[in-house]
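Participant: Can you keep this structure in mind? I'll have questions shortly.
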Amino acid sequence: MTAVMGWDLGGANLKLARIEGGRLVHAAQIPCPIRQEMGKFDAALEEALLLCPPGARHAVTMTGELSDVFGDRAEGVAYLVDMMRTATDGDALFYGGGSGLLDCIRAVERSFDVASANWHASAALLAQFFPAGLLVDVGTTTTDLIPLQAGVVAARGYGDGERLAEGELVYTGAVRTPVMAVARTAPFKGRMQRLAAERFATVADVWRLMGELPAEADPYPTPDLKGKSAQECAARLARMLGRDLSEVGLLAFVDVARHFAECQVAEIEAAALTLAVREQLAADAPVIGAGCGRFIARHVALRLERPYHDFADVIACDPGAHEMAACCAPAVAVGLLAEREILLPVA
């Protein structure tokens, strides 16, 4: 059976999914090396290629073109397309949203369609399962909120600028977002106080203290390059308040973490509610959660009083691939969409 490899090339992680017979059999996330050079993508690709069986076909989506190692998105798309063309001997197709799957030449020519289209792949796949709903994909850095209506993707924006303007992209995620981007004040000793405008802590510290962040969601170094224990997370949050953990102890900073968690969920909930009202989504239209931070999507669904579905429960998936399926949703989606186009005969 010919496998189709779905790829999602991000600036921080490379994700890939192996599809066989309409089913996800394996998914993986490989961090890109932390260095300011284009070769970081090639290093992650070299590791990922070891997971590809001989004769596999390849379908690619990306967000890595936004990395600041590139001068602009067009340069980034051209680099990543050429990288995959070389790695696959030219046997790679690139997802271009409404433009479909494009060969290497057309992908570079239509770089705007290819750039950061990974959200569209996930939504287009889910629209085949849900006539109406709201995809909430919470990644390490951003959250995609994509309405589905009448069995199609109902997003009004496409590029990141448009999507930010439409409220369909919120720059907050479950790991890398600095705490100072979530709130400017926090409760401490019975009063609200302002925070330091420094990257002393991230929301990964918040969600670890809340006991909700999966361990595999955060492969990155912490801001102070120390560990990820509860004590160390609390110490970083203490610095955001200009304080030391020893002043009041761990439990006080668990309360601080609870405040930050509430602020972040409320921001995503507000964006989700705005889209649900805009699209007049029926009350029973579900939230579909994806990404390493989909536990936040569950909170949003509960607060909106909507049914919740996990991306991994929607697709056909081997048990061993279930946990990574939702974390690698765009790679899985582009692989499943491409398999039908590449391998199945036209009726």
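Participant: Starting from 0.36 nm per residue, how many nanometres of slack lie between Arg191 and Asp244 once their C-alpha separation is accounted for?
Facilitator: In short, 17.4 nm is gained.
Participant: Quick one: angle between helix 73-87 and the longest Cα principal axis of the chain, in degrees between 0 and 90, rounded to 10, please.
Facilitator: Here the helix axis deviates by roughly 60 degrees.
Participant: Counting other Cβ atoms within 10 Å, which GluC sites (Glu not before Pro) in region 118-198 have at most 13 and lie in a DSSP loop?
Facilitator: Here the sparse-neighbourhood loop sites are Glu198.
Participant: Please identify every one of the GluC sites (Glu not before Pro) in region 232-329 that sits in a loop by DSSP and has no more than 12 other beta carbons within 10 Å of its own beta carbon.
Facilitator: Glu305
Participant: Rounded to whole Hz and in sequence order, give me ³J(HN,Hα) for region 275-286 from the Karplus expression 6.51 cos²θ - 1.76 cosθ + 1.60, θ = phi - 60°, writing x for Gly and Pro.
Facilitator: 5, 4, 5, 4, 8, 6, 5, 4, 4, 9, 5, x
Participant: Still on this model: Can you give me the long-range amide H partners of His58? Hydrogens built in the peptide plane at 1.01 Å from N, cutoff under 5 Å, separation of 5 or more residues or another chain.
Facilitator: For His58, the qualifying residues are Met5, Leu93.
Participant: What is the Å³ per residue value for the convex hull set by the Cα atoms of region 1-46?
Facilitator: Per-residue hull volume (Cα only) is 64 Å³.
Participant: Determine, at each q value in 0.12, 0.13, 0.15, 0.21 (inverse angstroms), the log₁₀ of I(q)/I(0) that the Debye formula gives when each Cα of region 179-301 is one equal point scatterer.
Facilitator: Here log10 of I(q) over I(0) equals -0.49, -0.56, -0.71, -1.17.
Participant: Grab the DSSP H runs of the chain that are 4 residues or longer, score each as -39,500 (n - 2.57), total them, divide by all residues and round the 222 nm result to the nearest 500 deg cm²/dmol.
Facilitator: -11500 deg cm²/dmol
Participant: I would also like to ask the following. If I take R0 = 41 Å and measure r between the Cβ atoms of Asp103 and Gln280 in this structure, what FRET efficiency does the formula 1/(1 + (r/R0)^6) give, to the nearest 0.05?
Facilitator: It comes out at approximately 0.60.
Participant: A further question follows. With loop defined by DSSP as not H, G, I, E or B, and exposure as at most 16 other Cβ atoms within 10 Å, which is the longest segment of the chain clear of exposed chymotrypsin sites (Phe, Trp or Tyr not before Pro)?
Facilitator: Here the longest run is 172-347.
Participant: Expressed as a whole number of Å, what is the distance separating the alpha-carbon centroids of region 211-269 and region 67-113?
Facilitator: 38 Å
Participant: Determine one quarter of the surface area of the Cα convex hull of region 71-154, which equals its mean projected area, and express it in nm² to one decimal.
Facilitator: Approximately 6.2 nm², given one-decimal rounding.
Participant: Taking every pair of alpha-carbon atoms in the chain, give the share separated by more than 29 Å as a whole percent.
Facilitator: Of all Cα-Cα distances in the chain, 39 percent exceed 29 Å.
Participant: Also, quick follow-up: Specify the angular offset, from 0 to 90 degrees and rounded to the nearest 10, of the alpha carbon long axis of helix 294-304 from the longest principal axis of the alpha carbons in the chain.
Facilitator: 70 degrees
Participant: If you plug each phi of region 210-216 into the Karplus form 6.51 cos²θ - 1.76 cosθ + 1.60 with θ = phi - 60°, what whole-Hz ³J(HN,Hα) values come out, in order, with x for Gly and Pro?
Facilitator: The phi angles translate into 7, x, 10, 7, x, 4, 6 Hz.
Participant: Using the Cα centre of the chain as origin and beta-carbon charges of +1 (Lys, Arg) and -1 (Asp, Glu), tell me which of Leu245, Ala297, Gly98 is placed farthest towards the positive end of the dipole.
Facilitator: Leu245
Participant: Starting from region 35-140, pick out the trypsin sites (Lys or Arg not before Pro) whose DSSP state is loop and whose Cβ has at most 15 other Cβ atoms within 10 Å.
Facilitator: Sites meeting the loop and neighbour criteria: Arg35.
Participant: A further question follows. Roughly how many Å is it from the Cα centre of region 130-160 to that of region 181-196, as a whole number?
Facilitator: 32 Å
Participant: For Thr86 and Arg156, compute 0.36 nm times the residue count separating them, minus their Cα-Cα distance, and round to one decimal in nm.
Facilitator: Residue separation times 0.36 nm, minus the Cα-Cα distance, leaves 21.7 nm.
Read-outs throughout are calculated quantities, based only on the coordinates presented, and are distinct from any laboratory measurement. From a predicted model like this one, the values you see are computed outputs, not experimental measurements. Note that each Cβ is placed from the backbone with ideal geometry, even for glycine, and that neighbours are counted across all protein chains shown.
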